Amino acid sequence: MPGWLFAVIVVVFVVGGVLYVRSKQKGAIVERLPFEEGEDVLLEEAGLKIYHRARRTAVRGGGTVTYRVRAVLTDRRILVATGGPEGEHRFVILMILDYTNPAEPVPEGGFAAYKRKFHLENGYPTYAFAAADASVEEDDGHAAALRIAVPFPEGGSGWSDSPEVKLFTAQAERYQQAVSASDR
């Protein structure tokens, strides 16, 4: 096989792969973060790390770590995205952590319940949680991460542990205070 033909085949596969991945992310790519009317920004940070586990699938956690994350704490939710800043680059929304609106119970179980309850049709999960589900993890006496154990009773016995999110930030206590101050 000639070298140029091999190079063309490789380029076609790379372009096809990129287009496939982008098509799966379409619902989560936005020009602006989706703030609701009347929602006030309390804190915005960039360059953070986040750990997300929808389901424990491995002995050592089975989650995903994403670096260079932007987190925006509002008086209602925490928006987690990559990309930006606004006006220069698009955002890829990773998740929305809603601490003011309770999640509605769903009749399904397992993965069907996960998709419906956490609105995965948007391209990202929208997790609802209460102040009791959030805690601050410390490292050497300093706040290291905001840990959220998302309640998911519909998962059933085959689901394993509930979804978990850890936002690694030095401002974890400030996030915890905002969540605790909210009225559910």
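The values are calculated or read from the model by the stated rules, or taken from the named source; none is laboratory data. Given the structure is predicted, the values throughout are model-derived calculations rather than measurements. All Cβ positions, glycine included, derive from the backbone under ideal geometry; neighbour counts span all protein chains shown. Please note that ligands, DNA and RNA were not included when accessible areas were found on the heavy atoms of the full protein model with its side chains. Shrake-Rupley method; radii C 1.70, N 1.55, O 1.52, S 1.80 Å.
Would you report the distance distribution of C-alpha pairs in segment 1-133 as whole percents per 10 angstrom bin, up to the bin with the largest distance?
10, 32, 33, 15, 7, 3, 0
What translational diffusion coefficient, in µm²/s and rounded to a whole number, does the Stokes-Einstein relation yield for segment 108-153 at 20 °C and a viscosity of 1.002 mPa s, taking the hydrodynamic radius as the Kirkwood radius over Cα pairs?
174
Determine, for each peptide in 165-175, 120-130, the mean count of other beta carbons within 10 angstrom over its residues, then list the peptides with the highest first. Don't skip to the end; give the middle numbers.
Details: 165-175: 20.0, 120-130: 18.2.
Averaged packing, sorted descending, gives the order 165-175, 120-130.
With charges only on Cβ, +1 for K and R and -1 for D and E, what is the dipole size of segment 36-156 about its Cα centre, in debye, rounded to 20?
Details: 14 positive and 19 negative charges, 158 e Å.
It works out to roughly 760 debye.
Mind giving me the FRET efficiency for VAL136 and ALA7? R0 is 45 Å, r the Cβ-Cβ distance, nearest 0.05 is fine.
My answer for the efficiency is 0.30.
With Cβ to Cβ distances under 11 Å as the rule, what net charge do the other residues near ARG116 carry (K, R +1; D, E -1)?
Result for the local shell: -2.
How many percent of Cα pairs in segment 62-184 exceed 17 Å? Could the numbers behind the result be given before it?
Details: 4483 of 7503 pairs.
The answer is 60 percent, as a whole percent.
Per residue, how much accessible area does the chain have with a 1.4 Å probe, in Å²?
I get 58 Å² per residue for the chain.
How much length would be gained if the chain were fully extended between GLU37 and ALA112, taking 0.36 nm per residue of separation minus their Cα-Cα distance, in nm to one decimal?
Length difference between fully extended and current span is 24.0 nm.
Among PHE35, THR100, THR64, whose Cα sits farthest toward the positive end of the charge dipole of the chain (+1 at Cβ of Lys/Arg, -1 at Cβ of Asp/Glu, about the Cα centre)?
It is THR64.
So what J values fall out for segment 105-114 if you push phi through Karplus, 6.51 cos²θ - 1.76 cosθ + 1.60 with θ = phi - 60°, rounded to Hz, Gly and Pro as x?
Per residue, the Karplus-derived 3J(HN,Hα) values read x, 10, x, 6, x, x, 5, 4, 5, 4 Hz.
Counting only protein heavy atoms, what percent of the accessible surface of the chain is carbon or sulfur at a 1.4 Å probe?
Of all accessible area on the chain, carbon and sulfur atoms account for 54 percent.
Enumerate the calculated ³J(HN,Hα) couplings along segment 120-125 in order (Karplus 6.51 cos²θ - 1.76 cosθ + 1.60, θ = phi - 60°), each rounded to whole Hz, writing x wherever the residue is Gly or Pro.
Result, rounded to whole Hz: 6, 5, 6, x, 8, x.
On the full set of protein chains, 1.4 Å probe, figure out the accessible area of ILE50 and give it in Å² to the nearest 10.
The value for ILE50 is about 0 Å².
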